[in-house]
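Asker: If you scroll down you'll find the structure; I have some questions about it.
The values are calculated or read from the model by the stated rules, or taken from the named source; none is laboratory data. Note that the structure is predicted; figures quoted are calculated from it, not measured. Every residue, glycine among them, receives a Cβ derived from its backbone with ideal geometry; neighbour counts consider all protein chains shown.
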């Protein structure tokens, strides 16, 4: 929806999205969602990930060109194994090399940003999610979760997102919007 800012995902919707993708056997899209939600990487960085990148602790971000130390947690490792099994079953010769999120139509290419957006639009419709979200919402959701889990440490979130100003980060993760909504909810005459 043009003109609307994308939002972070509500926790209940994250669970619904994951269940939906598992049920639909959308292994590649589920892997993208899991990697995005568990690393806070931009979609441009997630889509260019290669199996070989997972052997290093460092990743060069596409947008900022900065080298970022990155950790892949257990959710990412489980998704990785499911991707390998899926590609092997699909007959990919390079099932465990090259791009992590392979296009099923274009040999040796990653799934496209447009392809991911197609599935997001379908998920939104099928699940009846009526607030604006897109691929960037996964990064916002991750950042907001970090903020809430680590005692609202805005400095930590700023560092993880490479932001230079706390107000930018608060707006980015939707905290400003929540505060403003509460003001209007709590004032009545």
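Asker: Determine, yes or no, whether residue 97 is exposed (fewer than 15 other Cβ atoms within 10 Å of the Cβ), over 15 Å from the mean Cα position of the chain (by Cα) and within 25 Å of residue 176 (Cβ to Cβ). First the steps, then the outcome.
Answerer: On the way: exposed (fewer than 15 other Cβ atoms within 10 Å of the Cβ): yes; over 15 Å from the mean Cα position of the chain (by Cα): yes; within 25 Å of residue 176 (Cβ to Cβ): no.
No, not satisfied.
Asker: For residue 80, work out the one condition from (1) exposed (fewer than 15 other Cβ atoms within 10 Å of the Cβ); (2) within 14 Å of residue 28 (Cβ to Cβ) it doesn't fulfil.
Answerer: Result: residue 80 passes all but (1).
Asker: Select from region 120-150 the residues that are closer than 18 Å to residue 40 by Cα and in a loop (DSSP other than H, G, I, E, B) and write down the one among them that is farthest from the chain's Cα centre (by Cα). Explain how you work it out, then say what you get.
Answerer: Kept after step one, since they are closer than 18 Å to residue 40 by Cα, are these residues of region 120-150: 120, 133-150.
When the remaining residues are screened for being in a loop (DSSP other than H, G, I, E, B), the result is 133-134, 150.
On the way: 133: 11, 134: 9, 150: 19 Å.
Taking the candidates together, the pick is 150.
Asker: Give the residues of region 54-67 that are touching a helix residue (DSSP H, G or I) at 6+ places or on another chain (Cβ under 8 Å) and either within 23 Å of residue 163 (Cβ to Cβ) or crowded, with 20+ Cβ neighbours inside 10 Å (or both), sorted by residue number.
Answerer: Residues of region 54-67 that are touching a helix residue (DSSP H, G or I) at 6+ places or on another chain (Cβ under 8 Å), as a first pass: 54, 59, 61-63.
Within region 54-67, 59, 61, 62, 63 meet the criteria.
Asker: Sticking with this structure for a sec: With 62, 82, 66 as the choices, which residue is modelled with pLDDT under 90, more than 17 Å from the chain's Cα centre (by Cα) and over 22 Å from residue 129 (Cβ atoms)?
Answerer: Numbers: 62 fails: more than 17 Å from the chain's Cα centre (by Cα); 82 fails: modelled with pLDDT under 90.
After ruling out the rest, the residue left standing is 66.
Asker: Hey, residue 109 hits all of (1) in contact with a helix residue (DSSP H, G or I) (Cβ under 7 Å, 6 or more places away or on another chain); (2) loosely packed, with under 14 Cβ neighbours inside 10 Å; (3) at pLDDT below 95 but one; which does it fall short on?
Answerer: Just one mismatch for residue 109, condition (1).
Asker: Enumerate the helices (runs of 4 or more DSSP H) found wholly within region 1-102, keeping only those where 1 or more residues are touching a residue at least 60 places away in the same chain (Cβ under 8 Å). Even if it seems obvious, please write down each step before you answer.
Answerer: Numbers: elements: 11-23, 27-39, 43-47, 74-89.
The helices (runs of 4 or more DSSP H) meeting that bar are 11-23, 27-39, 43-47.
Asker: For region 25-53: of the residues being surrounded by fewer than 16 Cβ atoms within 10 Å (Cβ to Cβ) and closer than 19 Å to residue 81 by Cβ, which is nearest to the chain's Cα centre (by Cα)?
Answerer: Taking region 25-53 as the starting set, the residues that turn out to be surrounded by fewer than 16 Cβ atoms within 10 Å (Cβ to Cβ) are 25, 44, 50, 52.
Filter once more, keeping what is closer than 19 Å to residue 81 by Cβ: 25, 50, 52.
Numbers: 25: 18, 50: 16, 52: 20 Å.
Step by step, filter region 25-53, then rank; the result is 50.
Asker: Kindly indicate the residue of region 154-189 that is over 21 Å from the mean Cα position of the chain (by Cα) and in a loop (DSSP other than H, G, I, E, B) and also surrounded by the fewest Cβ atoms within 10 Å (Cβ to Cβ) among those meeting that condition.
Answerer: Step by step, filter region 154-189, then rank; the result is 189.
Asker: Which members of region 1-24 meet the condition of being buried (at least 21 other Cβ atoms within 10 Å of the Cβ) and closer than 24 Å to residue 163 by Cα?
Answerer: 8, 9
Asker: Okay, moving on. Just a yes or no: is a residue in region 17-35 farther than 30 Å from residue 176 by Cβ and touching a strand residue (DSSP E or B) at 6+ places or on another chain (Cβ under 9 Å)?
Answerer: Yes, some residue in region 17-35 is farther than 30 Å from residue 176 by Cβ and touching a strand residue (DSSP E or B) at 6+ places or on another chain (Cβ under 9 Å).
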